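The values are calculated or read from the model by the stated rules, or taken from the named source; none is laboratory data. Since this is a predicted model, take the numbers as computed values, not measurements. Here the Cβ positions follow ideal geometry from the backbone for every residue, glycine too, while neighbour counts run over all protein chains shown. Surface accessibility is based on the protein's heavy atoms, side chains included, excluding ligands, DNA and RNA. Shrake-Rupley method; radii C 1.70, N 1.55, O 1.52, S 1.80 Å.
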Amino acid sequence: MSLTQKLRELNWKRNFASKRLKLRIEFLFFSLIRLMLPRKIKEYDLSKVKKILIIRNDRIGDMVVTTSLIRNLAKSGYSVYVVSTKSALDIVKFNPYVKGTIIYDNSTFLNWIKSIVRVRKESFDAAVEIKFIRCFDMKNMIFSSYVKTPILIGFNKSSIKSFNLSIPHYLHNSHVTVQLKQVLEALNVKYDDMHYEIPVSENIKTNVNSFFKTTADNKKKVAVLNPFGSTVARLLSNKQVNIICNLLSAKYKTIIIGEENRIKQLNLPDGVSVFNSSSILDVVPLIELSDLVVSVDTSIVHIATCFNKNTIALYADSDPNQPAADKKSVYHHEFSIFKLTLEDSFYNKDYLKTHSPKIMLPITHCIWAPNNKNAKQLLFDDDNMSKVDNQIFETKIAQALETIN
């Protein structure tokens with residue numbers, strides 16, 4: 001090993017050691033905050049629950065899959081309320097199973113405090129805090145602790161005394177709907193096939209139908225392409241977008257969706273149309289009318305699942321529990337496990353005293369799989385979609401297209 005490589009590895013070791021120390025100090029501080037949170041009594045009666053709050057403070061895609069939980073609760077007689085970010089609440093804006101919504105905003109400390117004040121204007125018989133991937137969110141935990149309810153339900157929260165019903169969940173490769181079923185089972189609710197649904201207004205449908213009629217080619221099927229994800233790692237390059245458009249061109253009229261400023265940066269081939277939308281709901285009927293959806297791992301994949309659409313879902317993902325052999329990857333994996341262990345101990349130490357679940361990093365492409373019999377999930381062994389080899393990318397897309405009727 002060269003001197004340069006030895007120095008580089010020593011630097012990595014020092015950086016990761018520093019991160020571990022900082023993390024330990026942070027969790028000592030968090031532990032003090034935990035002591036100050038309101039406590040719930042251990043005794044509770046789930047049979048008396050009628051009005052329930054779903055705490056779903058994250059992204060649009062999370063809300064799409066949560067519609068299955070909402071429907072099953074409502075059909076079992078519960079009055080269901082939902083708190084989430086403004087963009088995610090659009091998904092349930094016209095949902096007949098939702099009695100009311102509350103906006104959660106943690107963009108600033110003041111907005112976060114206002115969110116707590118808003119939610120405390122209502123009282124609930126029970127509240128369920130849902131986090132599909134085990135991730136540490138102190139603001140969300142504090143917010144949940146101050147909801148006015150005698151019963152607060154969450155996953156792996158045995159050490160947070162604001163929660164009096166903690167559901168253990170350590171399956172690192174199970175689909176998100178498995179967790180949703182655990183909530184329903186805890187409430188003794190029988191559930192259906194857990195399909196997703198997004199009702200929209202007639203006005204939205206009319207506008208999309210008008211666009212569709214003027215854009216669609218009677219000689220071709222229609223493909224909706226979404227090249228943008230919620231993180232930079234999920235964005236397709238301009239070259240990759242063109243590869244897909246060219247592969248689709250023989251049989252499909254391609255319509256690009258996504259943020260307008262990002263679409264403007266693309267050099268699109270002739271014949272490709274752009275659908276400008278002001279809300280995620282505008283996209284829903286467009287996907288329903290399409291014959292094929294091609295999308296990176298994001299909410300669009302789950303919206304396509306609502307209609308069991310032919311889908312090619314692109315996931316830049318590998319198993320985080322099997323790191324590459326290089327030292328930096330090994331150090332990063334060890335730090336990730338260390339961080340996850342600290343978080344589990346903080347949230348769920350009481351449970352861990354008597355149980356020994358295997359600590360594994362969540363596998364995103366398993367948890368957020370399309371859940372659609374007509375979907376082709378393509379996995380690329382890279383942590384950034386735009387860095388995938390173009391030849392490999394094109395080959396996989398072409399092969400997937402050949403299997404779609």
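For the stretch 182-241, enumerate the residues that are aromatic (Phe, Trp, Tyr) and in a loop (DSSP other than H, G, I, E, B). Lay out the reasoning, then the answer.
Filtering the stretch 182-241 down to residues aromatic (Phe, Trp, Tyr) leaves 191, 196, 211-212, 228.
If the condition is that a residue be aromatic (Phe, Trp, Tyr) and in a loop (DSSP other than H, G, I, E, B), then TYR191, TYR196, PHE228 are the ones that fit.
From the set of residues in the stretch 267-301 that are small (Gly, Ala, Ser) and within 24 Å of GLU402 (Cβ to Cβ), which is surrounded by the fewest Cβ atoms within 10 Å (Cβ to Cβ)? If we take residues in the stretch 267-301 being small (Gly, Ala, Ser) and within 24 Å of GLU402 (Cβ to Cβ), then GLY271 is surrounded by the fewest Cβ atoms within 10 Å (Cβ to Cβ). Please determine whether any residue of the stretch 268-279 is modelled with pLDDT of 90 or more and assigned to a helix (DSSP H, G or I). No, because not a single residue in the stretch 268-279 is modelled with pLDDT of 90 or more and assigned to a helix (DSSP H, G or I).
Residues of the stretch 152-183 that are buried (at least 21 other Cβ atoms within 10 Å of the Cβ), among the hydrophobic types (A, V, I, L, M, F, W, C) and closer than 21 Å to ARG34 by Cα: LEU152, ILE153, PHE155, ILE160, PHE163.
Does LEU73 count as in a helix (DSSP H, G or I), in contact with a Leu (Cβ under 6 Å, 6 or more places away or on another chain) and either without any contact (Cβ under 8 Å) to a residue 12 or more places away in the chain or farther than 24 Å from PHE30 by Cα (or both)? No, not satisfied.
If you check VAL128, VAL119, VAL92 for being within 16 Å of VAL183 (Cα to Cα), open to solvent by less than 20 Å² (accessible area, probe 1.4 Å) and modelled with pLDDT of 95 or more, only one passes: VAL128. Output yes when any residue across the stretch 100-107 is over 29 Å from LYS349 (Cα atoms), more than 20 Å from the chain's Cα centre (by Cα), without any contact (Cβ under 8 Å) to a residue 12 or more places away in the chain and open to solvent by 10 Å² or more (accessible area, probe 1.4 Å), and no when none is. Scanning the stretch 100-107 turns up no residue that is over 29 Å from LYS349 (Cα atoms), more than 20 Å from the chain's Cα centre (by Cα), without any contact (Cβ under 8 Å) to a residue 12 or more places away in the chain and open to solvent by 10 Å² or more (accessible area, probe 1.4 Å).
On the given criteria, is LYS139 within 22 Å of ASP350 (Cα to Cα), out of contact with any Cys (no Cβ under 7 Å at 6 or more places or on another chain) and touching a residue at least 40 places away in the same chain (Cβ under 8 Å)? Before you say what the answer is, go through the steps one by one.
Details: within 22 Å of ASP350 (Cα to Cα): yes; out of contact with any Cys (no Cβ under 7 Å at 6 or more places or on another chain): yes; touching a residue at least 40 places away in the same chain (Cβ under 8 Å): no.
Taking the combined requirement at face value, the residue does not satisfy it.
Pairs meeting the criteria (first residue in the stretch 209-236 and free of Cβ contacts under 8 Å to residues at least 24 places away in the same chain and closer than 23 Å to ALA313 by Cβ, second residue outside any helix (DSSP H, G or I) and of a type outside the set (A, V, I, L, M, F, W, C), beta carbons under 7 Å, at least 6 apart or on different chains) are lacking.
Selection of first residues in the stretch 189-202 that are under 18 Å from SER79 (Cα atoms) and of second residues that are assigned to a loop (DSSP other than H, G, I, E, B) and not charged (D, E, K, R), restricted to Cβ pairs under 6 Å at least 6 apart or on distinct chains, gives the following pairs, ordered by first then second residue: VAL189/SER76.
Give the residue, chosen from LYS6, LYS42, LYS19, that is open to solvent by 70 Å² or more (accessible area, probe 1.4 Å), touching a residue at least 24 places away in the same chain (Cβ under 8 Å) and not in a loop (DSSP other than H, G, I, E, B). Spell out how you get there, then give the answer.
On the way: LYS6 fails: touching a residue at least 24 places away in the same chain (Cβ under 8 Å); LYS42 fails: not in a loop (DSSP other than H, G, I, E, B).
Within the list LYS6, LYS42, LYS19, the selection yields LYS19.
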